[in-house]
Amino acid sequence: TYEFLSGDGSGSTQAADYVGMALTYRKHLLEAGILTESREDGASGDIPIRLDFLMSDAQSGVVGLENILMTTAEDVREILSDVMDNGIRNINSGLQGWQKNGVTFSRPDSRKYSAAAGSRRDFEKLITDFNKQGVDISCQVDYVTINKTMMSSFDNAVKHVNSWYSYVDKSNILPPTAPVTQFWYARPQRSVQWLDEQYEHAKGTAPSMTIDGIGSVLTGDYGDSGHITVEAALAMYQEQMESMDQVRKNIVNPGMYLWRYTDRYLQAPVGHSQFIFETDAVPFLQLVLNGTMEVYAPYANFSFYNQTDILKMIDYNVCPSFILTREPSWKLADTVSADLYSTEYNLYSKLIREVYSQVNTALSQVKGYRWVDRQVAEDGVIVNVYEKDGKIKKIIVNYTDDPVTLEGVDTAPKSARVTDAVQGQ
(Lines give C-alpha, C1' and ligand atoms only; values in the text may rest on other atoms or scores of the structure.)
Protein backbone atom coordinates (compact mmCIF):
# COMPACT_ATOMS: atom_id res chain seq x y z
CA THR A 1 0.00 0.00 0.00
CA TYR A 2 1.36 3.40 -0.99
CA GLU A 3 0.13 6.67 0.48
CA PHE A 4 1.64 9.91 -0.84
CA LEU A 5 1.69 12.85 1.56
CA SER A 6 2.43 16.48 0.80
CA GLY A 7 2.33 19.89 2.41
CA ASP A 8 1.41 20.79 5.95
CA GLY A 9 -1.83 18.84 6.21
CA SER A 10 -4.11 21.66 5.10
CA GLY A 11 -4.66 20.01 1.70
CA SER A 12 -6.13 16.67 0.73
CA THR A 13 -3.55 14.56 2.59
CA GLN A 14 -2.04 14.41 6.02
CA ALA A 15 1.10 16.49 6.55
CA ALA A 16 4.32 15.20 5.00
CA ASP A 17 6.02 14.64 8.36
CA TYR A 18 6.20 11.92 10.99
CA VAL A 19 2.84 12.95 12.48
CA GLY A 20 1.17 12.71 9.08
CA MET A 21 2.80 9.34 8.45
CA ALA A 22 1.70 8.02 11.85
CA LEU A 23 -1.91 9.17 11.41
CA THR A 24 -2.04 7.79 7.86
CA TYR A 25 -0.66 4.44 9.04
CA ARG A 26 -3.16 4.42 11.92
CA LYS A 27 -6.03 5.04 9.49
CA HIS A 28 -4.81 2.18 7.28
CA LEU A 29 -4.60 -0.22 10.25
CA LEU A 30 -8.10 0.75 11.41
CA GLU A 31 -9.51 0.14 7.94
CA ALA A 32 -7.72 -3.21 7.75
CA GLY A 33 -9.15 -4.27 11.13
CA ILE A 34 -5.69 -4.60 12.67
CA LEU A 35 -6.53 -1.81 15.10
CA THR A 36 -9.93 -1.03 16.59
CA GLU A 37 -11.05 2.10 18.38
CA SER A 38 -11.15 1.29 22.07
CA ARG A 39 -14.55 0.78 23.66
CA GLU A 40 -13.31 3.02 26.47
CA ASP A 41 -11.96 5.68 24.12
CA GLY A 42 -14.69 8.13 25.03
CA ALA A 43 -14.50 7.50 28.76
CA SER A 44 -13.33 10.24 31.09
CA GLY A 45 -11.70 9.83 34.48
CA ASP A 46 -8.27 8.88 35.77
CA ILE A 47 -5.72 7.16 33.57
CA PRO A 48 -4.55 3.66 34.56
CA ILE A 49 -1.26 2.73 36.20
CA ARG A 50 0.56 -0.60 35.91
CA LEU A 51 1.98 -2.06 39.14
CA ASP A 52 3.74 -5.38 38.53
CA PHE A 53 5.08 -7.60 41.31
CA LEU A 54 8.04 -9.97 41.37
CA MET A 55 7.06 -12.80 43.67
CA SER A 56 10.15 -15.02 43.56
CA ASP A 57 13.20 -16.16 41.63
CA ALA A 58 15.91 -18.76 42.29
CA GLN A 59 19.64 -18.82 42.87
CA SER A 60 22.14 -21.65 43.05
CA GLY A 61 22.13 -23.37 46.42
CA VAL A 62 24.43 -25.88 48.07
CA VAL A 63 22.33 -28.58 46.44
CA GLY A 64 20.16 -27.55 43.51
CA LEU A 65 18.27 -24.27 43.44
CA GLU A 66 17.30 -22.03 46.33
CA ASN A 67 14.08 -20.05 46.00
CA ILE A 68 14.33 -16.35 46.82
CA LEU A 69 10.98 -15.09 48.05
CA MET A 70 10.45 -11.39 47.34
CA THR A 71 6.70 -10.82 47.67
CA THR A 72 3.82 -12.91 49.00
CA ALA A 73 0.20 -12.80 47.91
CA GLU A 74 -0.58 -11.09 51.21
CA ASP A 75 2.14 -8.51 50.50
CA VAL A 76 0.51 -7.73 47.14
CA ARG A 77 -2.82 -7.27 48.91
CA GLU A 78 -1.30 -4.85 51.45
CA ILE A 79 0.65 -2.85 48.84
CA LEU A 80 -2.28 -2.44 46.48
CA SER A 81 -4.54 -1.49 49.39
CA ASP A 82 -2.02 1.16 50.46
CA VAL A 83 -1.82 2.57 46.92
CA MET A 84 -5.61 2.71 46.71
CA ASP A 85 -5.86 4.35 50.13
CA ASN A 86 -3.64 7.10 48.70
CA GLY A 87 -6.20 7.88 46.02
CA ILE A 88 -4.99 5.80 43.06
CA ARG A 89 -7.82 3.48 41.99
CA ASN A 90 -7.36 2.70 38.29
CA ILE A 91 -4.76 -0.07 38.67
CA ASN A 92 -3.81 -3.24 36.85
CA SER A 93 -1.06 -5.63 37.92
CA GLY A 94 0.92 -8.62 36.71
CA LEU A 95 2.41 -11.22 39.02
CA GLN A 96 5.84 -12.48 37.96
CA GLY A 97 7.50 -15.54 39.50
CA TRP A 98 4.24 -16.75 41.06
CA GLN A 99 5.06 -20.37 40.19
CA LYS A 100 6.92 -22.92 42.25
CA ASN A 101 10.41 -22.41 40.79
CA GLY A 102 10.29 -18.65 40.41
CA VAL A 103 10.34 -16.44 37.35
CA THR A 104 13.38 -18.12 35.71
CA PHE A 105 12.81 -21.84 36.16
CA SER A 106 9.06 -22.40 36.16
CA ARG A 107 7.70 -24.18 33.11
CA PRO A 108 5.36 -21.96 31.06
CA ASP A 109 2.58 -24.54 31.39
CA SER A 110 2.95 -25.00 35.16
CA ARG A 111 0.12 -24.08 37.52
CA LYS A 112 2.05 -24.98 40.67
CA TYR A 113 2.05 -21.87 42.83
CA SER A 114 5.02 -20.92 44.97
CA ALA A 115 3.95 -22.27 48.34
CA ALA A 116 6.06 -19.69 50.17
CA ALA A 117 4.28 -16.87 48.33
CA GLY A 118 0.83 -18.29 48.90
CA SER A 119 -1.52 -21.16 48.15
CA ARG A 120 -3.67 -21.46 45.05
CA ARG A 121 -6.60 -20.25 47.15
CA ASP A 122 -4.58 -17.23 48.35
CA PHE A 123 -3.80 -16.18 44.78
CA GLU A 124 -7.30 -16.81 43.45
CA LYS A 125 -8.85 -14.90 46.36
CA LEU A 126 -6.42 -12.03 45.79
CA ILE A 127 -7.43 -11.79 42.13
CA THR A 128 -11.15 -12.11 42.90
CA ASP A 129 -11.21 -9.64 45.78
CA PHE A 130 -9.44 -6.88 43.85
CA ASN A 131 -11.39 -7.56 40.68
CA LYS A 132 -14.50 -6.61 42.66
CA GLN A 133 -12.79 -3.28 43.39
CA GLY A 134 -11.96 -2.70 39.74
CA VAL A 135 -8.31 -3.74 40.00
CA ASP A 136 -7.18 -6.24 37.35
CA ILE A 137 -4.55 -8.71 38.62
CA SER A 138 -3.14 -11.37 36.28
CA CYS A 139 -0.40 -13.98 36.30
CA GLN A 140 2.47 -13.21 33.91
CA VAL A 141 4.25 -15.93 31.93
CA ASP A 142 7.05 -15.84 29.33
CA TYR A 143 6.02 -18.44 26.71
CA VAL A 144 9.20 -18.25 24.61
CA THR A 145 12.27 -18.09 26.87
CA ILE A 146 13.27 -21.50 28.23
CA ASN A 147 16.46 -23.01 29.67
CA LYS A 148 18.05 -26.37 30.40
CA THR A 149 17.07 -26.34 34.08
CA MET A 150 13.44 -25.71 33.21
CA MET A 151 13.11 -28.47 30.60
CA SER A 152 14.91 -30.54 27.97
CA SER A 153 15.74 -28.87 24.67
CA PHE A 154 14.55 -31.95 22.77
CA ASP A 155 11.29 -31.23 20.98
CA ASN A 156 10.92 -28.00 22.98
CA ALA A 157 13.59 -25.62 21.65
CA VAL A 158 13.85 -24.04 18.20
CA LYS A 159 16.56 -25.34 15.87
CA HIS A 160 18.49 -23.21 13.39
CA VAL A 161 18.83 -24.26 9.77
CA ASN A 162 22.30 -25.62 10.65
CA SER A 163 20.54 -28.08 13.06
CA TRP A 164 21.93 -26.33 16.16
CA TYR A 165 19.58 -25.07 18.85
CA SER A 166 19.02 -21.33 18.62
CA TYR A 167 19.99 -19.65 21.88
CA VAL A 168 21.05 -16.40 23.46
CA ASP A 169 24.03 -16.27 25.83
CA LYS A 170 23.69 -13.68 28.60
CA SER A 171 26.87 -14.51 30.49
CA ASN A 172 28.26 -11.03 29.80
CA ILE A 173 25.31 -9.24 31.36
CA LEU A 174 24.27 -11.57 34.18
CA PRO A 175 26.17 -11.89 37.47
CA PRO A 176 28.86 -14.62 37.45
CA THR A 177 26.91 -16.44 40.16
CA ALA A 178 23.70 -16.61 38.10
CA PRO A 179 22.35 -20.19 38.04
CA VAL A 180 21.85 -20.14 34.25
CA THR A 181 23.15 -17.86 31.49
CA GLN A 182 22.11 -19.61 28.26
CA PHE A 183 18.52 -19.45 27.08
CA TRP A 184 16.71 -21.14 24.19
CA TYR A 185 13.66 -20.08 22.22
CA ALA A 186 10.65 -22.36 22.51
CA ARG A 187 9.20 -23.94 19.37
CA PRO A 188 6.14 -21.95 18.25
CA GLN A 189 3.78 -24.92 18.61
CA ARG A 190 5.00 -25.39 22.20
CA SER A 191 4.45 -21.71 22.99
CA VAL A 192 0.91 -21.94 21.61
CA GLN A 193 0.24 -25.14 23.55
CA TRP A 194 1.44 -23.61 26.84
CA LEU A 195 -0.50 -20.40 26.26
CA ASP A 196 -3.68 -22.39 25.61
CA GLU A 197 -3.19 -24.42 28.78
CA GLN A 198 -2.73 -21.28 30.87
CA TYR A 199 -5.77 -19.71 29.21
CA GLU A 200 -7.93 -22.69 30.17
CA HIS A 201 -6.94 -22.13 33.80
CA ALA A 202 -7.32 -18.34 33.70
CA LYS A 203 -10.68 -17.93 31.98
CA GLY A 204 -13.50 -17.59 34.45
CA THR A 205 -11.13 -16.81 37.32
CA ALA A 206 -9.03 -13.87 36.10
CA PRO A 207 -10.09 -10.85 34.05
CA SER A 208 -6.89 -10.85 31.99
CA MET A 209 -3.63 -12.62 31.15
CA THR A 210 -0.17 -11.07 30.92
CA ILE A 211 1.76 -12.54 28.02
CA ASP A 212 5.52 -12.20 27.52
CA GLY A 213 7.77 -13.48 24.74
CA ILE A 214 5.22 -14.27 22.04
CA GLY A 215 4.66 -10.63 21.15
CA SER A 216 8.31 -9.66 20.77
CA VAL A 217 10.06 -12.86 19.61
CA LEU A 218 8.98 -14.37 16.31
CA THR A 219 11.02 -17.25 14.92
CA GLY A 220 10.70 -20.22 12.62
CA ASP A 221 11.95 -23.72 13.43
CA TYR A 222 14.06 -26.25 11.53
CA GLY A 223 13.45 -29.09 13.98
CA ASP A 224 13.60 -32.77 13.07
CA SER A 225 9.82 -33.15 13.22
CA GLY A 226 9.26 -30.61 10.45
CA HIS A 227 10.03 -27.06 9.46
CA ILE A 228 7.90 -24.13 10.60
CA THR A 229 8.24 -20.82 8.81
CA VAL A 230 7.99 -17.45 10.51
CA GLU A 231 4.74 -16.88 8.61
CA ALA A 232 3.34 -20.16 9.96
CA ALA A 233 4.39 -19.28 13.51
CA LEU A 234 2.74 -15.88 13.18
CA ALA A 235 -0.50 -17.51 11.99
CA MET A 236 -0.40 -19.96 14.92
CA TYR A 237 -0.06 -17.13 17.43
CA GLN A 238 -2.88 -15.16 15.83
CA GLU A 239 -5.20 -18.16 15.76
CA GLN A 240 -4.57 -18.85 19.44
CA MET A 241 -5.11 -15.22 20.41
CA GLU A 242 -8.34 -15.17 18.41
CA SER A 243 -9.68 -18.04 20.51
CA MET A 244 -8.90 -16.33 23.83
CA ASP A 245 -12.01 -14.18 23.90
CA GLN A 246 -12.82 -14.57 27.59
CA VAL A 247 -9.87 -12.56 28.95
CA ARG A 248 -8.22 -9.24 28.26
CA LYS A 249 -4.69 -9.56 26.95
CA ASN A 250 -1.78 -7.61 28.41
CA ILE A 251 1.16 -8.19 26.06
CA VAL A 252 4.78 -7.16 26.61
CA ASN A 253 6.07 -5.12 23.66
CA PRO A 254 3.88 -6.81 21.01
CA GLY A 255 4.67 -6.65 17.32
CA MET A 256 2.06 -5.42 14.86
CA TYR A 257 0.95 -9.00 14.19
CA LEU A 258 -0.65 -9.08 17.67
CA TRP A 259 -2.05 -5.55 17.87
CA ARG A 260 -5.47 -6.80 16.83
CA TYR A 261 -5.64 -8.79 20.10
CA THR A 262 -3.82 -6.41 22.47
CA ASP A 263 -5.74 -4.61 25.20
CA ARG A 264 -2.69 -3.32 27.06
CA TYR A 265 0.68 -2.66 25.41
CA LEU A 266 3.32 -3.08 28.13
CA GLN A 267 6.88 -1.70 28.10
CA ALA A 268 6.36 0.54 25.07
CA PRO A 269 9.63 2.02 23.77
CA VAL A 270 10.09 5.74 24.42
CA GLY A 271 13.55 6.25 22.91
CA HIS A 272 15.33 5.56 19.66
CA SER A 273 18.32 3.50 18.54
CA GLN A 274 20.67 6.49 19.02
CA PHE A 275 22.18 5.96 15.59
CA ILE A 276 23.79 9.19 14.46
CA PHE A 277 21.36 9.77 11.59
CA GLU A 278 18.42 9.97 14.02
CA THR A 279 18.35 13.48 15.47
CA ASP A 280 15.43 13.09 17.85
CA ALA A 281 13.06 10.59 19.43
CA VAL A 282 9.42 11.00 18.43
CA PRO A 283 6.24 9.19 19.58
CA PHE A 284 5.49 7.56 16.21
CA LEU A 285 4.27 4.29 17.77
CA GLN A 286 2.19 6.09 20.36
CA LEU A 287 0.51 8.26 17.70
CA VAL A 288 -0.39 5.11 15.75
CA LEU A 289 -1.83 3.27 18.76
CA ASN A 290 -3.56 6.21 20.41
CA GLY A 291 -7.18 5.46 21.27
CA THR A 292 -6.97 1.76 20.37
CA MET A 293 -5.39 0.25 23.50
CA GLU A 294 -3.77 1.23 26.78
CA VAL A 295 -0.05 1.93 26.31
CA TYR A 296 2.41 1.81 29.22
CA ALA A 297 5.87 3.29 29.64
CA PRO A 298 8.89 1.25 30.76
CA TYR A 299 9.19 0.68 34.51
CA ALA A 300 9.78 3.99 36.24
CA ASN A 301 12.02 2.29 38.81
CA PHE A 302 14.99 2.27 36.51
CA SER A 303 16.18 5.75 35.45
CA PHE A 304 12.76 6.70 34.12
CA TYR A 305 11.44 8.72 37.02
CA ASN A 306 13.17 12.12 36.90
CA GLN A 307 11.21 15.18 35.87
CA THR A 308 12.22 14.95 32.21
CA ASP A 309 11.02 11.34 32.05
CA ILE A 310 7.71 12.25 33.69
CA LEU A 311 7.25 14.94 31.05
CA LYS A 312 8.04 12.40 28.34
CA MET A 313 5.21 10.16 29.60
CA ILE A 314 2.87 13.13 29.21
CA ASP A 315 4.37 14.08 25.83
CA TYR A 316 4.13 10.49 24.52
CA ASN A 317 0.71 9.86 26.13
CA VAL A 318 1.81 6.68 27.92
CA CYS A 319 0.72 5.49 31.36
CA PRO A 320 3.26 4.97 34.15
CA SER A 321 4.34 1.53 35.34
CA PHE A 322 6.44 0.15 38.21
CA ILE A 323 7.69 -3.29 39.24
CA LEU A 324 7.61 -3.82 42.99
CA THR A 325 8.63 -6.22 45.74
CA ARG A 326 8.15 -6.28 49.49
CA GLU A 327 11.74 -7.43 50.14
CA PRO A 328 14.81 -5.35 49.21
CA SER A 329 16.15 -6.02 45.72
CA TRP A 330 19.69 -6.89 46.87
CA LYS A 331 18.30 -10.36 47.57
CA LEU A 332 18.14 -10.86 43.79
CA ALA A 333 21.88 -10.25 43.34
CA ASP A 334 22.67 -13.88 42.47
CA THR A 335 19.60 -14.54 40.32
CA VAL A 336 18.74 -13.93 36.68
CA SER A 337 16.56 -11.05 37.91
CA ALA A 338 19.60 -9.18 39.21
CA ASP A 339 18.95 -6.39 36.71
CA LEU A 340 15.88 -5.45 38.78
CA TYR A 341 18.16 -3.54 41.10
CA SER A 342 15.59 -1.32 42.82
CA THR A 343 12.08 -2.62 43.50
CA GLU A 344 11.30 -2.35 47.23
CA TYR A 345 7.87 -0.78 47.67
CA ASN A 346 8.84 1.17 50.78
CA LEU A 347 11.30 3.12 48.60
CA TYR A 348 8.71 3.87 45.90
CA SER A 349 5.39 4.51 47.66
CA LYS A 350 5.89 8.29 47.56
CA LEU A 351 7.34 8.32 44.03
CA ILE A 352 4.39 6.30 42.68
CA ARG A 353 2.03 8.99 43.96
CA GLU A 354 4.17 11.83 42.59
CA VAL A 355 4.64 10.34 39.14
CA TYR A 356 1.01 9.30 38.80
CA SER A 357 -0.27 12.65 40.01
CA GLN A 358 1.68 14.60 37.39
CA VAL A 359 0.93 12.29 34.48
CA ASN A 360 -2.72 11.81 35.40
CA THR A 361 -3.32 15.55 35.91
CA ALA A 362 -2.38 16.15 32.28
CA LEU A 363 -3.50 13.03 30.42
CA SER A 364 -6.84 12.58 32.21
CA GLN A 365 -7.93 15.88 30.63
CA VAL A 366 -7.49 14.47 27.12
CA LYS A 367 -8.75 10.97 27.85
CA GLY A 368 -11.19 10.08 25.09
CA TYR A 369 -9.73 12.73 22.79
CA ARG A 370 -8.00 11.94 19.49
CA TRP A 371 -4.33 12.92 19.22
CA VAL A 372 -4.16 14.86 15.95
CA ASP A 373 -0.87 16.76 15.96
CA ARG A 374 2.48 17.26 17.67
CA GLN A 375 4.40 20.46 17.11
CA VAL A 376 7.88 21.55 18.20
CA ALA A 377 7.27 25.19 19.11
CA GLU A 378 10.94 25.73 19.92
CA ASP A 379 13.85 23.67 21.20
CA GLY A 380 12.60 21.75 24.22
CA VAL A 381 9.00 22.93 23.94
CA ILE A 382 6.36 20.56 22.53
CA VAL A 383 2.69 21.19 21.81
CA ASN A 384 0.43 18.15 21.46
CA VAL A 385 -3.00 18.79 19.95
CA TYR A 386 -6.07 16.69 20.83
CA GLU A 387 -9.56 16.86 19.34
CA LYS A 388 -12.99 15.54 20.34
CA ASP A 389 -16.33 16.51 18.80
CA GLY A 390 -14.86 19.74 17.48
CA LYS A 391 -13.31 20.68 20.82
CA ILE A 392 -9.54 21.23 20.87
CA LYS A 393 -7.20 20.76 23.81
CA LYS A 394 -3.45 21.31 23.77
CA ILE A 395 -0.79 19.97 26.11
CA ILE A 396 2.25 22.21 26.26
CA VAL A 397 5.32 20.31 27.48
CA ASN A 398 8.22 22.51 28.55
CA TYR A 399 11.40 20.46 28.89
CA THR A 400 13.56 23.56 29.38
CA ASP A 401 14.78 25.29 32.53
CA ASP A 402 13.02 28.54 31.60
CA PRO A 403 9.36 29.55 31.58
CA VAL A 404 7.74 29.79 28.16
CA THR A 405 4.74 31.72 26.89
CA LEU A 406 2.74 30.35 23.96
CA GLU A 407 -0.54 31.81 22.71
CA GLY A 408 -0.76 33.89 25.86
CA VAL A 409 -0.34 30.86 28.14
CA ASP A 410 2.57 30.62 30.58
CA THR A 411 4.14 27.21 31.23
CA ALA A 412 6.62 26.88 34.07
CA PRO A 413 10.06 25.28 33.61
CA LYS A 414 10.11 21.47 33.51
CA SER A 415 6.33 21.19 33.51
CA ALA A 416 3.29 20.48 31.36
CA ARG A 417 0.09 22.46 30.99
CA VAL A 418 -3.25 21.64 29.36
CA THR A 419 -5.11 24.42 27.59
CA ASP A 420 -8.36 24.75 25.69
CA ALA A 421 -8.05 26.16 22.19
CA VAL A 422 -10.35 27.58 19.58
CA GLN A 423 -10.67 25.20 16.62
CA GLY A 424 -8.32 26.24 13.83
CA GLN A 425 -5.68 27.67 16.14
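Tabulated data for the structure shown
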read-out: When residues of the stretch 412-425 are limited to those that are in contact with a helix residue (DSSP H, G or I) (Cβ under 9 Å, 6 or more places away or on another chain) and either free of Cβ contacts under 8 Å to residues at least 60 places away in the same chain or charged (D, E, K, R) (or both), the one most open to solvent (accessible area, probe 1.4 Å); value: ARG417
read-out: Identity of the residue in the stretch 162-179, surrounded by 11 or more Cβ atoms within 10 Å (Cβ to Cβ) and in a loop (DSSP other than H, G, I, E, B), that ends up modelled with the lowest pLDDT; value: SER166
read-out: Unique residue being open to solvent by 30 Å² or more (accessible area, probe 1.4 Å), within 21 Å of ILE396 (Cβ to Cβ) and among the hydrophobic types (A, V, I, L, M, F, W, C) when the list is VAL318, VAL282; value: VAL282
read-out: Tally, over the stretch 8-39, of residues that are open to solvent by 40 Å² or more (accessible area, probe 1.4 Å), in a helix (DSSP H, G or I) and either at pLDDT 95 or above or under 15 Å from TYR261 (Cβ atoms) (or both); value: 7
read-out: Number of positions in the stretch 134-161 that are open to solvent by 20 Å² or more (accessible area, probe 1.4 Å), under 22 Å from LEU95 (Cα atoms) and in a strand (DSSP E or B); value: 4
read-out: Every residue from the stretch 355-397 that is open to solvent by 50 Å² or more (accessible area, probe 1.4 Å) and touching a Phe, Trp or Tyr at 6+ places or on another chain (Cβ under 6 Å); value: LYS388
read-out: Selection within the stretch 71-91 - part of a loop (DSSP other than H, G, I, E, B), crowded, with 16+ Cβ neighbours inside 10 Å and touching a residue at least 60 places away in the same chain (Cβ under 8 Å); value: THR71, THR72, ILE88
read-out: Residue list for the stretch 401-411, filter: open to solvent by less than 30 Å² (accessible area, probe 1.4 Å) and hydroxyl-bearing (Ser, Thr, Tyr); value: THR411
read-out: Conditions (1) open to solvent by less than 70 Å² (accessible area, probe 1.4 Å); (2) in contact (Cβ under 8 Å) with a residue 40 or more places away in the chain: number failed by TYR113; value: (2)
read-out: Wholly enclosed strands (runs of 3 or more DSSP E) of the stretch 361-425 bearing at least 3 residues among the acidic types (Asp, Glu) and either under 28 Å from TYR305 (Cβ atoms) or at pLDDT 95 or above (or both); value: none
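Each row is one residue, and each column tells you yes or no for (1) outside any helix (DSSP H, G or I); (2) among the aliphatic types (A, V, I, L, M); (3) open to solvent by less than 40 Å² (accessible area, probe 1.4 Å).
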| position | (1), (2), (3) |
| --- | --- |
| LEU234 | no, yes, no |
| GLN238 | no, no, no |
| GLN246 | yes, no, no |
| ILE310 | no, yes, yes |
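The values are calculated or read from the model by the stated rules, or taken from the named source; none is laboratory data. Please read these numbers as outputs of a predicted model, since none were measured by experiment. Please note: Cβ atoms are built from the backbone with ideal geometry, for glycine as well, and neighbour counts cover all protein chains shown. With ligands, DNA and RNA removed, areas are computed over all heavy atoms of the protein, side chains included. Shrake-Rupley method; radii C 1.70, N 1.55, O 1.52, S 1.80 Å.
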